[in-house]
Every structure is written in structure tokens, then in C-alpha cells.
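Note sheet for the following structure.
The values are calculated or read from the model by the stated rules, or taken from the named source; none is laboratory data. Predicted model, so just to flag it, every value in this text is computed and none were measured. Note: ideal-geometry Cβ built from the backbone for every residue, glycine included; neighbour counts use all protein chains shown. Side chains are part of the model used for accessible areas, which takes the heavy atoms of the whole protein and leaves out ligands, DNA and RNA. Shrake-Rupley method; radii C 1.70, N 1.55, O 1.52, S 1.80 Å.
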Amino acid sequence: MAQNDRYNEETISKAINTKWAGKTVHFAKETDSTNSWIKRLAKEGAEHGTLAVAEFQSAGRGRFDRKWEAPEGSSIMMTLLLRPEFSPQYASMLTLVMGLAVAQAVEELGFEVSIKWPNDVVISRKKICGILTEMGTNGVKINYVLIGVGINVNLKEFPEEMQDKATSLILESGQEYDRNQVISQVMKYFEINYEKFVQTCDFTHLLEDYHKILANLNQPVRVLDGSKSFEGICRGIDEKGELLVEKQDKEITKVSAGEVSVRGLYSYV
Ligand code: ATP
């Protein structure tokens, strides 16, 4: 870990300057996963905007239970707890709201960044951030939504099998970044984006920003759905956050997040 990289509950709280996003910070040297940890805090009554940050996760997860790996001291692993008033059908869109926030925060640091829909933030066609959203309901009402975020900040090396699709801020710039500041920027943009989102419970007020930063816009993509796949041109997202893919016959197929992965035709992005 960098000598000057002080990183704990106090330094993170001090850096955050929002109304509610990340207002209460919990920090652990090690946990199983920040999503599992904050789920426990949610059950004990933790409030909207609570943030759990860990220096190390022994069981970090991505979608489809894939592993999220990051060595101690180099990376941001955090989960934000939300208690939305809206109904459960809208919650999965929050992955995109967070993806946009991370991309905007990283862009402000000077990077050329894009979003690989639905849940990855990429630089130079490689992933610097993954997002995993989970929800708990009591029948028809949301009890909690958890948005887990892993950002590769000062991580200098990846296991061989990840080297062609993962990168970090330090690898892309040669410079170390203060994780407290990165978290603070992400919380700032998330709060702004979330407040736009809840006005309509969709992407009406975020579409323009999202399209500015979307990877593969108007480019060919391959959509992977289990063993099936199809190709088309990416035409952006609609208000519901679905990816619009134009097939050869010009018909537009709407793809829902959660079910699929997307690739560029010739590479990961
Ligand atoms: P894909 O990125 O293949 O489209 P996905 O979006 O479903 O899949 P996630 O759920 O975001 O992926 O994360 C899990 C995957 O991310 C793992 O399969 C692994 O390949 C990759 N991964 C794990 N740790 C990291 C990391 N620190 N940085 C970048 N990628 C990682």
C-alpha cells in the first residue's frame, strides 16, 4: 500500500461531501464480500445511503456468481445501501445509474472512459470496474437495494487469464490515486444521477449523459445469452435501460440487463 494512502472509516467519511450517499461509512480490513456485509447491516436497520468499504474481500462476487478478485491495498471494494420508495421492477436499472456515476468520476480524473453495458466501466477496452446489484423485498415493496462496486485503482498486476480484459487507473496513467477521493467523486455523481432517476423511475433524464459515455454506440456487438448469441449494431439504450441492438433485417431487439453479456465483435469491448 502507498505510504500516504490513509484509507479508513474516518478518511473516507471526511472526503465525502454529499447529502446522503455515503453519509455513514463502515470500514473493515477484511470481510467476505461488501454486499453480504451490508445485507447484514440492512437487516439490523442501517439507513439509505450507508456505505460499506473493505480493504479485502475473501469472497468477492460478480454476476452469475463469478469471482471478483483484488489484492489488499490497491483497489476500492464498496457497497452502497439504498431504501428506495419505488417498486421492485425498477431496481435493476440502478446498476446503470451507478455505472454512469463511476464513469463520470473516472472521467473527471482525466481518463477516456466508457461503459460496457450493463455493468462494466472500461478504459482502453479493458475493465476497471464491475458492479453487482442485489435486492431484498417484503412481498411487493423493496426492503433494500445493494450496489456493490469494485474499482481497480492502484492495482499493478492481474492474473494471466484476466490480463487481456482488466486494467487499473495506475496501469493506464502511471499514477497512483487517492481512493478516498475516488469514492467521494463516485458518491457525488451517484447522488446526482439517482435524484434524476427517481423523478421518473427511468432513464429519461440520464439518457444523454449515458449515451455520451456508452462503449460500442453504433458499432457491431455480439450479445451472449448462455449458449446462444446474436450480432447486431448497438443503438444505445432506451428509457428502461434496455440495450437496443439492430439486427441485419433492421429490426431492433431490446435486451434486458441481468440476462446477458455483450462483447465487441473483435474484442472484449
Ligand atoms: P463480463 O465482464 O465477462 O461481461 P460480467 O460483466 O458478468 O462479465 P462481472 O460480474 O462484472 O462480469 O465480474 C466478474 C468477472 O470479472 C469475472 O468473471 C472476471 O473475469 C472478471 N474480474 C474479476 N476480478 C476483476 C478485476 N479486479 N478487474 C477486472 N475484472 C475482474
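Assorted remarks:
- Criterion (within 16 Å of the ligand (Cβ to nearest atom) and among the aromatic types (Phe, Trp, Tyr)) met by exactly one of TYR177, TYR210: TYR177
- Qualifying residue in region 234-255 (condition: in contact (Cβ under 8 Å) with a residue 24 or more places away in the chain, over 23 Å from GLY49 (Cα atoms) and acidic (Asp, Glu)): yes
- So GLU69, is it farther than 19 Å from VAL145 by Cα and within 16 Å of the chain's Cα centre (by Cα): yes
- Among residues of region 213-225 being in contact with a Leu (Cβ under 8 Å, 6 or more places away or on another chain) and in a strand (DSSP E or B), the one that is farthest from the ligand (Cβ to nearest atom) is PRO220.
- Yes/no for ILE183 being within 16 Å of the ligand (Cβ to nearest atom), in a helix (DSSP H, G or I) and in contact with a Leu (Cβ under 9 Å, 6 or more places away or on another chain): no
- When the test is whether a residue is open to solvent by 60 Å² or more (accessible area, probe 1.4 Å) and modelled with pLDDT of 95 or more, GLU9 passes it.
- Residues of region 32-87 classified as within 23 Å of PHE197 (Cβ to Cβ), within 14 Å of the ligand (Cβ to nearest atom) and of a type in the set (Lys, Arg), total: 1
- Being β-branched (Val, Ile, Thr), open to solvent by 10 Å² or more (accessible area, probe 1.4 Å) and over 22 Å from LEU82 (Cα atoms) holds for only one residue in VAL122, VAL140, VAL113, and it is VAL113.
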